[in-house]
1. R0 = 25 Å: FRET efficiency of residue B:288 with residue B:463, Cβ-based, nearest 0.05?
2. Post the alpha-carbon centroid distance, the stretch B:381-460 to the stretch B:174-206, in whole angstrom.
3. When a footprinting reagent is the concern and you count Cβ atoms within 10 Å, what order do B:212, B:406 take, fewest first?
4. For a footprinting-style exposure proxy, rank B:322, B:399 by other Cβ within 10 Å, fewest first.
5. Can you give me the distance in nm between label points at residue B:261 and residue B:300, each placed 7 Å from the Cα along the Cα-to-Cβ direction?
6. Would you mind pulling out the separation of the Cα centroids of the stretch B:123-164 and the stretch B:286-349, in Å?
7. Give me B:177, B:433 sorted ascending by neighbouring Cβ count inside 10 Å, so fewest comes first.
8. Go ahead and estimate [θ] at 222 nm for the protein assembly as shown from helices alone: -39,500 (n - 2.57) per DSSP H run with n ≥ 4, summed, over the residue count, rounded to 500.
């Protein structure tokens, strides 16, 4: 039987519902700590820390979402 | 030359065009009057990047000659405007609000500049902006080559960004309309802080050819105006397919208020917490009154909430990687250190280190989030939320956590990143004041539903006068 989801990347309602339910509300990892870094080196480290928290938040959600392999990144390209 | 009155400086596009067509005022008089005003008042608010009054007067002379011959082009003919300094204008400095690009000159016009010239709208000048449209994030309002955008309602407060000058110019009557850009909040935020109406179009509806790229799949250009109706008129002129913009949707836009759906046919989704819990105490009466006005339009109000996704980290990852890639030559040359904001400098550098895996996770989850958001629009036509707080003080760090505890119910407060990730159109509507500062509503709809958003905005503005208020001291 043809699996429409594999060919189109569309999700079934059940998959979509599961994805929505699984993706719990997580604090915005891009937020900075309240204290301001002093100096360029500390500022760069703070930016790296933000990126690390962002990666961890995405990974946490990723683990909870059963993402079909056919779901492509949201790029848009026309030839 | 006729004396231009305050009424003219705060008139809408249709009225200005009527006056030009009827030869009650000439396009040259408008260009000279608004241009002079932009040059004298603009620096007071750090709103002006580059005056182009003489060029505007030359364009206006051609318009007057056309009007004299009876050649009428459309509602923007003879109505001058300002453009955010991320749009290229041939032969003129386009600094992107950033010191490293302070002498940058392109030899071509951005598509929106071409389209507005074709519509007969003289360009008054380039308007100030946050450096590199905010890049991956900045800490202070001072993150701009021209200094912090000062709010016309209170110059100790920020105008919002990154389209600072565009919002200020319209709020202070320095231009009848202006063009800005949004990657994540750069139209909606300054519009709310300065008390002007603005439209963020559907992704791909307005060509970005000739605009500084920040994030290829998020960048949009849109108008700041005196009213929703004016936004419709400007959008009609600047929308349209463009093969030079790979993100172009290839669609035109026709502003058709005469075919607007009846308000009683619409379903507006909202979250009560957005109006009762999230706003500052001082802003709640304004938001609650605005909500009651929306209710009085006759639409069905439906409690709803956004699908649960980490919108902030998703857009943060995408924007950081795109911006770092766009500005890699700036970073590798070391000139990135000439930027004004230390957080932005560090964010650009660190953006180069984000792994492809993280980026692709964000872009694939974005696909899920978009599907889920569009599914939400099966139940409602439009989402409504409030911009929860008025403009912060100029010297305040913009990334500081609020002093008070945040409500547990997220409501629709993530609508700005969510709407940008999904490419949705959005309308910013002034809806009152808190402590003397404007506050605003935020409406978002499905892609290409601009006419519905504008119809709601027009109805709201027929029952309120917040969009007609003038800041103190602007004449």
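1. 0.95
2. Each part reduced to its Cα centre gives a spacing of 12 Å.
3. B:406, B:212
4. In order of increasing Cβ crowding within 10 Å: B:399, B:322.
5. Going by the 7 Å Cα→Cβ label model, 1.1 nm.
6. Comparing the Cα centres of the stretch B:123-164 and the stretch B:286-349, I get a distance of 15 Å.
7. Final ranking by Cβ density, sparse to dense: B:433, B:177.
8. Mean residue ellipticity at 222 nm (helix-derived): -11500 deg cm²/dmol.
Each value in this text was obtained by applying a stated rule to the coordinates, not by laboratory testing. The shown structure was predicted, so the numbers you read here are calculated from the model rather than taken from an experiment. Backbone-built Cβ (ideal geometry, glycine too); neighbour counts: all protein chains shown.
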